[in-house]
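Since the structure comes first, as structure tokens, the remarks are kept for the end.
Only the coordinates and a few stated rules stand behind these numbers; no lab work does. On a predicted model such as this, the values are computed, not experimentally measured, just so you know. Note: ideal-geometry Cβ built from the backbone for every residue, glycine included; neighbour counts use all protein chains shown.
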Amino acid sequence: MPQRSNIVGDLGTTKVASDAYDIDNIYLTEEGWVYRHYKRTDKSKWWDEILVAGEVVEAGNEPCAETNPPKLGTLQSPVFESGDTFKDFEYSTQTATGGGVPTFDDTPAAPDPTPVTIGSVSLDNTTTTATEGDVVTYVGSYDGDAPADQVRFDWIIANATVTGGSITSNTVTVTFDQVETAGVQCSVTGTDSAVADGPASVTLNVVVSAA
């Protein structure tokens with residue numbers, strides 16, 4: 001199975017600088033290592049070739065492009081592997097070196113950022129009963145050390161109506177307007193490669209009785 005920890009075994013034949021087989025054209029997806037062949041110099045057209053196929057588990061392989069959804073090859077700007085920043089077709093434009101493959105800086109790359117975590121997700125209100133018409137505001141939080149700008153909140157509300165806050169922030173207001181069991185789910189997902197875990201979620205079932 002393709003994985004980032006085995007990049008040398010998976011892609012050991014690629015070149016840091018090449019006008020035919022360049023590491024800068026390669027990115028990792030849920031379906032394996034992919035080589036992007038550009039059809040236009042403005043990078044507006046391309047086709048993608050799977051080099052090493054296999055299911056890739058996103059955890060521990062960030063960055064890893066999602067392909068379901070979207071489909072393989074539809075991501076316009078994936079996170080490519082780092083070589084010397086030039087795509088294979090761009091070497092012919094490097095006039096400073098007369099074209100072809102230029103010399104490049106082989107200074108070791110900076111280490112990966114220290115991983116941070118989401119941890120467990122919790123709600124400030126965990127009441128499991130309500131009366132029809134009750135309005136409740138929930139605030140979601142997590143006990144990990146991931147910065148707020150590196151995570152995303154998502155709420156799923158079932159058999160109730162969102163009447164305040166936002167389903168994409170840490171706060172949402174819900175009106176229980178149906179006499180049945182309502183569901184309140186808060187999920188937190190990492191949006192940065194430094195976040196080592198997630199998504200994590202908490203679900204609360206609320207039994208709503210007639211007013």
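Each peptide in 25-31, 111-117, 136-142 was scored by the mean count of other Cβ atoms within 10 Å over its residues; highest first, the order is 25-31, 136-142, 111-117. Neighbours of Pro115, meaning other residues whose beta-carbon lies under 10 angstrom from its beta-carbon, give a summed charge of -4 when Lys and Arg score +1 and Asp and Glu score -1.
Using alpha carbon centroids, what distance separates segment 1-73 and segment 118-135, in Å? The distance from the Cα centre of segment 1-73 to that of segment 118-135 comes to 42 Å.
Expressed as a whole percent, the proportion of Cα-Cα pairs in segment 121-209 lying more than 16 Å apart is 50%. Modelled label positions at Thr161 and Gln76, each set 7 Å beyond Cα in the direction of Cβ, lie 3.7 nm from each other.
Taking the Cβ of Val202 as the centre, find all other residues whose Cβ is under 14 Å away and add up their charges (Lys, Arg: +1; Asp, Glu: -1).
It works out to a net charge of -3.
Using the Cα coordinates of segment 3-67, the gyration tensor eigenvalues translate into equivalent-ellipsoid semi-axes of 21, 15, 9 Å, sorted from longest to shortest. Place a label point 7 angstrom from the Cα of Thr126 along the Cα-to-Cβ direction, then list the residues of segment 156-191 whose backbone nitrogen is under 19 Å away. Those under the cut-off are 156, 171-172, 182-188. Peptide packing: for 62-69, 80-87, 195-202, the average count of neighbouring Cβ atoms within 10 Å per residue gives the ranking 195-202, 80-87, 62-69, highest mean first.
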